[in-house]
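As structure tokens, the structure follows; a few thoughts come after it.
What follows draws every value from the coordinates through simple rules; no lab data is involved. As the structure is a computational prediction, the values presented were derived from the model and not from experiment. As a convention, Cβ positions derive from the backbone with ideal geometry for all residues, glycine included, and neighbour counts pool all protein chains shown.
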Amino acid sequence: MTTSSPDGQQLCANCRRPVTKHRPWCQDVQTTEPPQAGDIVDHPLLGRTALISVYSRREAIEDGTLVDCMQDPFDDLNRNAGVVYDVAMTNAAFHRYVEVSEQFRGSQDIKGRYWDVILMFSLAARRNPESSELLFEFVCLPNGSGYWTNEQRAEGPERRLVQLKAVSGPGDYGEPCLTLMLPNED
């Protein structure tokens with residue numbers, strides 16, 4: 001079953017992506033409509049309760065809290081690293097470790113910087129396949145100056161051994177999602 005996007009492109013009704021680029025999980029996961037404010041849900045501590053407010057992953061991407069890493073060039077890199085979940089990064093993590101600042105233009109590119117992050121996550125996840133929250137490390141030249149609390153000196157004065165956190169869980173439609181963030185973010 002397909003639907004159409006506003007520009008007339010055929011979309012999969014399940015993963016909501018172009019039919020030529022299904023999500024890797026599309027065959028195995030049936031999505032549902034996202035909850036809305038006022039919906040009654042079964043909360044593990046509160047029991048059946050009404051949702052007062054809902055802040056969706058889509059809204060977090062639209063307002064810049066999260067950076068969507070499912071668009072080109074990131075989607076192909078995710079697939080090449082064996083990551084089948086939809087991926088987003090917090091704004092702070094993306095701009096510190098993936099975005100190419102003026103100081104690195106010409107010597108680094110966004111695909112290479114993102115590849116370092118997603119590959120090291122993928123390797124760590126293979127060692128801990130049952131974990132829904134995972135700390136992993138990679139080496140990079142971060143944007144900005146100074147050391148953040150999740151960074152240690154590595155291989156020279158400018159390189160850092162960086163620790164990030166990956167959290168997996170359901171997205172707005174119940175699809176499998178992964179969010180990469182600083183260890184102190186949630």
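Net charge near G144, counting Lys/Arg +1 and Asp/Glu -1 over other residues with Cβ under 13 Å of its Cβ? Provide the component values of the computation, followed by the final result.
On the way: positive: R96, R160; negative: E99, E102, E151, E158.
Summing Lys/Arg as +1 and Asp/Glu as -1 gives -2.
How would you order 64-73, 86-95 from highest to lowest mean count of nearby Cβ atoms within 10 Å? Each step should come with its number before you reach the end.
Working: 64-73: 15.3, 86-95: 21.3.
Result, highest mean Cβ count within 10 Å first: 86-95, 64-73.
Mind checking Rg over Rh on the chain, alpha carbons, Kirkwood formula for Rh?
Here Rg/Rh amounts to 1.00.
For K111, K165, what's the fewest-to-most ordering of other Cβ within 10 Å of each Cβ?
Going from least to most buried by this count: K111, K165.
If the label point is 7 Å along Cα→Cβ of L123, which residues in the range 159-182 have backbone nitrogen under 18 Å from it?
Once the point is set 7 Å along Cα→Cβ of L123, 159-166 turn out to lie under 18 Å by backbone N, inside the range 159-182.
Obtain the nm distance between the two label points defined at I61 and K111 by a simple spin-label model: each point lies 7 Å from its Cα along the Cα-to-C-beta direction.
Computed distance between label sites I61 and K111 equals 2.1 nm.
Relative to the present Cα-Cα distance, how much length would full extension add between H43 and A13 at 0.36 nm per residue of separation?
8.0 nm
Hey, what angle do you get for helix 110-127 against the long axis of the chain, alpha-carbon based, 0 to 90 degrees rounded to 10?
With rounding to tens, the tilt is 70 degrees.
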